[in-house]
Structure formats: C-alpha cells, structure tokens
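The values are calculated or read from the model by the stated rules, or taken from the named source; none is laboratory data. In this text, all values refer to a predicted model and were calculated from it rather than measured experimentally. Note: ideal-geometry Cβ built from the backbone for every residue, glycine included; neighbour counts use all protein chains shown. All accessible areas refer to the heavy atoms of the entire protein, side chains included, with ligands and DNA or RNA removed. Shrake-Rupley method; radii C 1.70, N 1.55, O 1.52, S 1.80 Å.
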Amino acid sequence: VPDLQGPRYVSSAPSGGFAVSEECGDVKVFTGGRELLCSLGSRYGHRFGNPAGLCVDADGSILVADEQLRTVHLFPERGAPVCLVSAGLRRPAGLACSAFGQLFVADAGDNCVKVFKYCVRSP
C-alpha cells in the first residue's frame, strides 16, 4: 500500500480489510483489495494528535490510541466517535481488545499495560 504518511500500526478491520495509523496524521481504512475505503479523520470529523495503536472490537468498531492527546477513541461503523479513555494515560501506544469488552493499552509512558472494561450501546 503506497502513499502512506509515516505508517505506524496496522490492524485487521471489518469486512476483511485493514486499518493503518499514520504518524502525526490520520487513520486510513482499506478494503481487503487494498483500496482506500476512508480516513477516520475525514469520515468522523475527528482531529488526531498522533494516532498510534489500533484494534477492532467484536462489534466491528475501530479503537485508536492517541499518544499526543493521551486518549483512546472508539469509531463505530455507525454513529459518532466515543472517547473511551481520557485520563490516566501518559503515552498510549499499543491496543488490543477482547471479545468480552476488555481494552488493553500498552502505556509506554508508565511502562505498563493498563486494562479497561467498556460497553458501548447503540442509540
């Protein structure tokens, strides 16, 4: 996949595609055929500081850690983004989520992994 601006982390995405975070940029979502589906910043009107780790949860939502803003946001397939974590992170880097609503955040600023439980309900 060419023309990325400092690719950092990659994760599988819904429907067989994948998502890539770009350093000091955006998160781009591609189809399984490597065609650009969307950028999360443009699609949701969201401004990232420095997107880092990302993962996809059991509902198909894309979760993104932002090192600069020290947050984790959830981007659902439908609806507005949700800030899942806005405090307690120093430099969130890697992300993973379980099918049981657990979010694992590798915090490079604290040299640890932090575990959160979340539940997002559709309106």
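Kindly identify region 7-117 as rounded, prolate or oblate by the Cα gyration tensor criterion: order the square roots of the eigenvalues as a ≥ b ≥ c, call it rounded if a/c is under 1.5, otherwise compare a/b with b/c, prolate if a/b is larger, else oblate. In terms of gyration-tensor shape, prolate. Of all segments of the chain bounded by trypsin sites (Lys or Arg not before Pro) found in a DSSP loop with no more than 10 other C-beta atoms within 10 Å, the longest spans 79-120. What is the percent carbon and sulfur in the accessible area of region 5-101, measuring with a 1.4 Å probe over the protein chains and ignoring ligands? On region 5-101, the fraction of accessible area on carbon and sulfur atoms equals 47 percent.
Helix-only arithmetic for the chain: the sum of -39500 (n - 2.57) across DSSP H runs with n ≥ 4, divided by the residue total, places the mean residue ellipticity at 222 nm at -1000 deg cm²/dmol.
Per-residue Karplus couplings for region 28-36, computed as 6.51 cos²θ - 1.76 cosθ + 1.60 with θ equal to phi - 60°, are listed in order as 10, 10, 10, 6, x, x, 6, 9, 5 Hz, Gly and Pro entered as x. The residues of the chain have, on average, 55 Å² of accessible surface per residue, using a 1.4 Å probe with all protein chains present. Note down the net charge around residue 99, summing +1 for each Lys or Arg and -1 for each Asp or Glu among other residues with Cβ under 11 Å from its Cβ. Value of the local net charge: -2.
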